[in-house]
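J.: My questions all concern the structure below.
The values are calculated or read from the model by the stated rules, or taken from the named source; none is laboratory data. All of these numbers come straight from a predicted model, not from anything done at the bench. Here the Cβ positions follow ideal geometry from the backbone for every residue, glycine too, while neighbour counts run over all protein chains shown. SASA here: full protein model, heavy atoms, side chains in, ligands and nucleic acids out. Shrake-Rupley method; radii C 1.70, N 1.55, O 1.52, S 1.80 Å.
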Amino acid sequence: MSHELSITRLIDAPVDAVWRAWTEDTGAWFCPKPWQAEFVTQELRSGGRSTIVMRGPDGEENRLEGVYLEVVPGERIVSTDAFTAGWHPAGPFMVRIDSFAAEGGRTRYTAIARHWTQEAKDSHAAMGFEAGWNAATDQLEAIALGLPPVRGDGAA
């Protein structure tokens, strides 16, 4: 895809742990430190709302609103800022696709940012996409590695 940025990593944790880290501790890993993310609204289902406030070390604040287009537990999360709650069109920046695949007891994690224009892609790259998303993925992996395994009887 011509307007796409992506990272792919092999995370040394099983898919269920990476999925749980992504979905249950999203604010703890979503942006590279010293930035912090607060998920004000996270309706993790197709059509569900997402409201994130990212805060920088010097008081910067960036509010992001969007919707989840597709959520397939343990496999994929697709979201966009092209719409806000109630399917109201917004000034789109990207569609985000996070995918999780089992690979030898570990997780092949891919995060894709698809942009509407080359300018938006170039802007995102210049903001530090590769370094930032890889740093966030390092944080995601650290959380996943610290989670207890899920037992077959439903207990953690």
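J.: If you go through the range 91-100 one residue at a time, do you hit one that is surrounded by 13 or more Cβ atoms within 10 Å (Cβ to Cβ) and in contact (Cβ under 8 Å) with a residue 60 or more places away in the chain? Even if it seems obvious, please write down each step before you answer.
T.: Of the range 91-100, the ones surrounded by 13 or more Cβ atoms within 10 Å (Cβ to Cβ) are 92-100.
If we keep only those that are in contact (Cβ under 8 Å) with a residue 60 or more places away in the chain too, we end up with 98, 100.
Yes, the range 91-100 contains at least one residue that is surrounded by 13 or more Cβ atoms within 10 Å (Cβ to Cβ) and in contact (Cβ under 8 Å) with a residue 60 or more places away in the chain.
J.: Also, I was wondering about something else. Sort out which residues of the range 78-90 are surrounded by 15 or more Cβ atoms within 10 Å (Cβ to Cβ) and assigned to a strand (DSSP E or B), and write them in order of number.
T.: Within the range 78-90, Val78, Ser79, Thr80, Phe83, Thr84 qualify.
J.: Return only the number of the condition from (1) open to solvent by 50 Å² or more (accessible area, probe 1.4 Å); (2) under 13 Å from the mean Cα position of the chain (by Cα) that Trp35 does not satisfy.
T.: (2)
J.: Among (1) under 19 Å from Glu4 (Cβ atoms); (2) in a strand (DSSP E or B), there is one condition Ala131 misses while meeting the rest; what is its number?
T.: (2)
J.: Something else now. Among the residues that make up the range 116-123, is at least one of them assigned to a strand (DSSP E or B) and open to solvent by 40 Å² or more (accessible area, probe 1.4 Å)? If you could, list the steps in order and put the result at the bottom.
T.: Restricting attention to the range 116-123, the residues satisfying the condition of being assigned to a strand (DSSP E or B) are none.
Checked the range 116-123: no residue is assigned to a strand (DSSP E or B) and open to solvent by 40 Å² or more (accessible area, probe 1.4 Å).
J.: Ok, one more. Given the criteria small (Gly, Ala, Ser) and assigned to a strand (DSSP E or B), does Ala101 qualify? Lay out the reasoning, then the answer.
T.: Numbers: small (Gly, Ala, Ser): yes; assigned to a strand (DSSP E or B): yes.
Yes: the conditions hold for Ala101.
J.: Applying the selection to the range 114-149, what residues are over 16 Å from the mean Cα position of the chain (by Cα), closer than 23 Å to Ile11 by Cβ and without any contact (Cβ under 8 Å) to a residue 40 or more places away in the chain?
T.: Matches in the range 114-149: Gly146, Pro148.
J.: Given Glu75, Glu4, Glu24, which one is under 17 Å from Trp133 (Cα atoms) and surrounded by fewer than 17 Cβ atoms within 10 Å (Cβ to Cβ)? Steps first, please.
T.: On the way: Glu75 fails: under 17 Å from Trp133 (Cα atoms); Glu24 fails: under 17 Å from Trp133 (Cα atoms).
Going through Glu75, Glu4, Glu24 in turn, just one is under 17 Å from Trp133 (Cα atoms) and surrounded by fewer than 17 Cβ atoms within 10 Å (Cβ to Cβ): Glu4.
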